[in-house]
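S.K.: Take this structure, written in structure tokens, and hold onto it; I'll ask about it next.
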Amino acid sequence: IAGITQAPTSQILAAGRRMTLRCTQDMRHNAMYWYRQDLGLGLRLIHYSNTAGTTGKGEVPDGYSVSRANTDDFPLTLASAVPSQTSVYFCASSRQGESSYNEQFFGPGTRLTVL
Amino acid sequence: GENVEQHPSTLSVQEGDSAVIKCTYSDSASNYFPWYKQELGKGPQLIIDIRSNVGEKKDQRIAVTLNKTAKHFSLHITETQPEDSAVYFCAATNSGYSTLTFGKGTMLLVSP
């Protein structure tokens, strides 16, 4: 059982380029999330999806887009990367529900550097 | 929306000492408070959580306390060990269908 996988592990990207970070989970969780982690700022939610076919904006959505075509995959796209998007990106998933209280399982992260 | 404040940002202790990390939240409707541990180079992992219908929960060397009136909750680690060194995040939410709001994290360093 892999849990959550993210790809790539790390990437150096030129400003202005398009980049898609991949995230796949095999736990059949209905909810998935993308966070960015920056020193001193903690974990900030970018986008989330409560179920396949739906997405929502988090705290810092500008410059990012997501899609949720199926339960397992939740890619994050940077349409035109900027240096301020240099960060470590974490994907997470959870089984949302009235009694599940939203325990989130995190992937290993993608370290992205935009030059 | 919810706002979670976490203190301190860094905490250094000697092995065997206790460590306490404190968080406050703003939304009185919040009813679930998890704590995550992030080891170097890895994603955060849930270590303990507490729901609003209890005031304290223990799991071996770690415990969490909740004061709903004051809207704060704390993580207590006793008999700290070097492997406890990590970044710890608190979080809060008001529903199983809602997203978590995280604190900014505490870097705990346990010296041998």
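S.K.: What single numbered condition from (1) closer than 17 Å to B:Asn31 by Cβ; (2) crowded, with 22+ Cβ neighbours inside 10 Å fails to hold for B:Thr65?
M.R.: B:Thr65 satisfies all of (1) closer than 17 Å to B:Asn31 by Cβ; (2) crowded, with 22+ Cβ neighbours inside 10 Å except (2).
S.K.: Okay, next question. Could you tell me whether any residue of segment B:59-74 is touching a Lys or Arg at 6+ places or on another chain (Cβ under 6 Å), in contact (Cβ under 8 Å) with a residue 12 or more places away in the chain, in a strand (DSSP E or B) and within 23 Å of B:Glu15 (Cα to Cα)?
M.R.: Yes, there is a match, as at least one residue in segment B:59-74 is touching a Lys or Arg at 6+ places or on another chain (Cβ under 6 Å), in contact (Cβ under 8 Å) with a residue 12 or more places away in the chain, in a strand (DSSP E or B) and within 23 Å of B:Glu15 (Cα to Cα).
S.K.: I would also like to ask the following. Restricting attention to strands (runs of 3 or more DSSP E) lying wholly within segment B:12-54, give those where 3 or more residues are modelled with pLDDT of 95 or more and touching a His at 6+ places or on another chain (Cβ under 9 Å).
M.R.: B:19-25
S.K.: Could you list, in sequence order, all residues of segment B:28-45 that are buried (at least 16 other Cβ atoms within 10 Å of the Cβ) and either in contact (Cβ under 8 Å) with a residue 12 or more places away in the chain or under 17 Å from B:Val4 (Cα atoms) (or both)?
M.R.: B:Ser30, B:Asn31, B:Tyr32, B:Phe33, B:Pro34, B:Trp35, B:Tyr36, B:Lys37, B:Gln38, B:Pro44, listed by residue number.
S.K.: Out of the residues in segment A:22-70 that are among the polar types (S, T, N, Q) and assigned to a strand (DSSP E or B), which is farthest from B:Tyr88 (Cα to Cα)? Quick ask: steps written out before the conclusion?
M.R.: At the first step, the residues of segment A:22-70 found to be among the polar types (S, T, N, Q) are A:24-25, A:30, A:37, A:49-51, A:54-55, A:65, A:67, A:70.
Still in the running and assigned to a strand (DSSP E or B): A:24-25, A:37, A:49, A:65.
On the way: A:Thr24: 25, A:Gln25: 24, A:Gln37: 13, A:Ser49: 25, A:Ser65: 28 Å.
It comes out as A:Ser65.
S.K.: Restricted to segment B:75-96, and to residues that are within 14 Å of chain A (Cβ to nearest Cβ), in contact with an Asp or Glu (Cβ under 7 Å, 6 or more places away or on another chain) and part of a loop (DSSP other than H, G, I, E, B), which residue is surrounded by the most Cβ atoms within 10 Å (Cβ to Cβ)?
M.R.: Keep residues of segment B:75-96 that are within 14 Å of chain A (Cβ to nearest Cβ), which gives B:86-96.
Filter once more, keeping what is in contact with an Asp or Glu (Cβ under 7 Å, 6 or more places away or on another chain): B:86, B:92, B:94, B:96.
Okay, now just the ones that are also part of a loop (DSSP other than H, G, I, E, B), so B:94, B:96.
Working: B:Asn94: 16, B:Gly96: 18.
Looking at the filtered set, the residue picked out is B:Gly96.
S.K.: What number of residues within segment A:47-60 satisfy the criterion of being away from chain B (no Cβ under 11 Å) and under 21 Å from A:Val114 (Cβ atoms)?
M.R.: Selection size over segment A:47-60: 1.
The values are calculated or read from the model by the stated rules, or taken from the named source; none is laboratory data. Here the structure is a predicted model, which is why all the values come from computation and not from measurement. Quick reminder, even Gly has a Cβ in these numbers, built from the backbone with ideal geometry, and neighbours come from all protein chains shown.
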